[in-house]
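Okay, so here's the structure we're looking at.
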Amino acid sequence: MWRKLRDELHPKGVELVTVGLDALGAEGCRPFIEAAEPTHPSLIDQHHVLARLFGVINIPSSIWIDEAGMIVRPAEVAPAPPKPDAPSAPPDMPAEMPGRFKAMMSEVVNMPNDTEPYHEALNDWVEKGADSDYALSPEQVVERSRPRTADIARGHAHFELATHLETRGDHEAAVGHYREAHRLVPNSWTFRRQAWSLEGGIDGPMTRFWQGPSDTDPDAWPYEGDWLTDIRREGAENYNERFKA
């Protein structure tokens with residue numbers, strides 16, 4: 001989907017760069033990048049440096065940068081491009097799908113989707129550049145950017161240390177720092193989901209998407225929350241910030 005968007009916009013002078021935030025690096029991202037066969041630069045950010053520098057707290061997010069290298073819109077939700085042939089209702093889920101996945105999908109359909117207004121704004125900026133109503137001034141960009149408090153800075157430091165330990169194979173030590181990062185930056189879904197995805201929960205190719213305790217050994221789960229529990233507590237409607245023109 002991002003390749004299609006890039007191929008549509010590139011002739012108009014736009015380059016799209018995708019960045020995968022994944023502590024496993026190429027091991028975690030390569031299968032998805034290769035399956036997408038991108039024509040645009042596809043990078044991997046193993047330590048979530050992009051999240052620290054630009055204030056990314058969830059994915060997919062985008063940052064608009066003009067030809068002079070100036071940010072004209074800070075990190076915000078970036079819905080996938082609209083699909084004209086998309087079904088009006090979600091497809092029926094296979095009967096053999098685990099109950100947890102079914103529950104997760106039922107929450108996903110309740111998440112807000114600002115696809116049309118976001119892509120209308122994007123196309124307006126592509127056509128008009130600095131004259132677009134959606135291109136923000138430097139002052140507006142700063143105003144909309146997320147604050148970086150001392151707690152947030154410490155949270156990012158704990159997260160980077162956890163990722164370093166994870167890459168060295170010291171998972172047990174990494175968990176403690178991931179937990180502290182979650183406490184200090186509680187609104188970061190990228191921090192939470194990254195740690196949860198490293199725990200598995202089930203065997204097989206879908207293990208990284210389970211993001212919660214296993215049915216057979218729930219006491220082994222090392223985190224206070226998990227994807228499904230947190231979504232239900234915070235509300236699917238609050239999972240992503242709404243697109244603000």
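The values are calculated or read from the model by the stated rules, or taken from the named source; none is laboratory data. Please read these numbers as outputs of a predicted model, since none were measured by experiment. Positions of Cβ are backbone-derived with ideal geometry, glycine not excepted, and every protein chain shown enters the neighbour counts.
Would you check if there is a residue in the range 180-193 being surrounded by fewer than 20 Cβ atoms within 10 Å (Cβ to Cβ), out of contact with any Leu (no Cβ under 8 Å at 6 or more places or on another chain), of a type in the set (S, T, N, Q) and assigned to a helix (DSSP H, G or I)? No, the range 180-193 contains no residue that is surrounded by fewer than 20 Cβ atoms within 10 Å (Cβ to Cβ), out of contact with any Leu (no Cβ under 8 Å at 6 or more places or on another chain), of a type in the set (S, T, N, Q) and assigned to a helix (DSSP H, G or I).
Applying the criterion of being assigned to a helix (DSSP H, G or I) and among the hydroxyl-bearing types (S, T, Y) to the residues of the range 101-146, the residue that is farthest from Y239 (Cα to Cα) is Y118. R73 fulfils the conditions (1) assigned to a helix (DSSP H, G or I); (2) touching a residue at least 60 places away in the same chain (Cβ under 8 Å) except for a single criterion, (1).
Does the range 129-142 contain at least one residue that is within 21 Å of the chain's Cα centre (by Cα), surrounded by 16 or more Cβ atoms within 10 Å (Cβ to Cβ), more than 26 Å from M1 (Cα to Cα) and not aromatic (F, W, Y)? Yes, the range 129-142 contains at least one residue that is within 21 Å of the chain's Cα centre (by Cα), surrounded by 16 or more Cβ atoms within 10 Å (Cβ to Cβ), more than 26 Å from M1 (Cα to Cα) and not aromatic (F, W, Y).
A residue that is more than 29 Å from L228 (Cβ to Cβ), assigned by TED's automatic domain parsing to the domain that holds L53, surrounded by 15 or more Cβ atoms within 10 Å (Cβ to Cβ) and β-branched (V, I, T) occurs nowhere in the range 103-125.
For beta carbons closer than 6 Å, sequence separation of 6+ or different chains, a first residue in the range 34-48 that is surrounded by 15 or more Cβ atoms within 10 Å (Cβ to Cβ) and a second that is assigned to a loop (DSSP other than H, G, I, E, B) and not hydrophobic (A, V, I, L, M, F, W, C), the qualifying pairs are I44/G25; Q46/G25. Considering the range 1-28, the residues that are surrounded by fewer than 15 Cβ atoms within 10 Å (Cβ to Cβ) and among the small types (G, A, S) include one that is nearest to the chain's Cα centre (by Cα), namely A26. In the range 24-35, is there at least one residue being assigned to a loop (DSSP other than H, G, I, E, B), at pLDDT 95 or above and out of contact with any Cys (no Cβ under 9 Å at 6 or more places or on another chain)? No. Restricting attention to the range 1-30, the residues being without any contact (Cβ under 8 Å) to a residue 24 or more places away in the chain and under 18 Å from P60 (Cβ atoms) number 2.
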